[in-house]
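The values are calculated or read from the model by the stated rules, or taken from the named source; none is laboratory data. If you're wondering where the values come from, they're calculated on a predicted model, not measured in any experiment. Every residue, glycine as well, gets a Cβ built from its backbone with ideal geometry; the counts of neighbours run over all protein chains shown.
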Amino acid sequence: MIKKLITGIVAFAFILSCGPKQPTPKAQETKKELSKVDTAKATPESMSTAKTEQVMPLTGKELMVIKVKDFGTIKIQLFAQEAPKNVANIVKLVKSGFYDGLKFHRVVPNFVIQGGDPKGDGTGGPGYTVDAEISPNLKHLKGTVAMARLPDQVNPTKASSGSQFYICLAPVPHLDGQYTIIGKVVEGMDVVEAIGKVPTGPRAMPVKDVIMEKVTIEE
């Protein structure tokens, strides 16, 4: 059991590590890495191709509907007013079929489930970032949906990942003010919780793929 726990912690630290770290004690560093929802790598290519998507017309009533194979359906109310650029980007990707067949590639119990990476390992995206839209009025509660991002060392503006998002399995107030919140789960939180309990292996990846079979937008 102890050996398995140590292996899991090392794997979590590996997937989340990005760029140079400050010289902190190993225990503190591991705890900090576990508490992040950063994308896994910051490469020169991903940074040089970063751009901001233009805002598309939104009704403010958009629901992101995720049909997860073997689990059920998750419905997310998108916050178009608070994060118009990020929500418009998500809506565009969904309508293009970008998310269909992608995985929830990272599961950390009592923290988050994370998905939206076309590579399936936490290192991919559509090839751009989106401006941060961090609202002081929105908090990381159970069911909150927000965009992952590269860490502050290489991303001081806190720009959002172009496609990777996470869903909170519990309140995580230490993330408030750090990531762009784009919505909340309004139906299917039981599905999110079930995903949050799946067995995982190295890099916090589910042992069996958790697939977003079909993702649509309802208005």
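Things worth noting here:
- Checking Glu219 against (1) closer than 22 Å to Ile74 by Cβ; (2) surrounded by 15 or more Cβ atoms within 10 Å (Cβ to Cβ); (3) not hydrophobic (A, V, I, L, M, F, W, C), the condition it does not meet: (2)
- Wholly enclosed strands (runs of 3 or more DSSP E) of the range 165-219 bearing at least 3 residues free of Cβ contacts under 8 Å to residues at least 12 places away in the same chain and not hydrophobic (A, V, I, L, M, F, W, C): none
- Of the residues making up the range 103-114, just one is surrounded by fewer than 23 Cβ atoms within 10 Å (Cβ to Cβ) and either closer than 25 Å to Lys61 by Cβ or of a type in the set (D, E, K, R) (or both), namely Lys103.
- Residue within the range 48-63 that is under 19 Å from the mean Cα position of the chain (by Cα), modelled with pLDDT of 50 or more, surrounded by 14 or more Cβ atoms within 10 Å (Cβ to Cβ) and among the aliphatic types (A, V, I, L, M) present: yes
- Phe111, sole failed condition from (1) touching a Lys or Arg at 6+ places or on another chain (Cβ under 9 Å); (2) at pLDDT 95 or above: (1)
- Note on the range 55-94: residues that are charged (D, E, K, R) and closer than 26 Å to Lys158 by Cβ total 4.
- Test for Phe104: is it at pLDDT 95 or above and aromatic (Phe, Trp, Tyr): yes
- In the range 196-216, the residue that is surrounded by the fewest Cβ atoms within 10 Å (Cβ to Cβ) out of those that are farther than 19 Å from Pro118 by Cβ and either of a type in the set (Val, Ile, Thr) or over 16 Å from the mean Cα position of the chain (by Cα) (or both) is Pro199.
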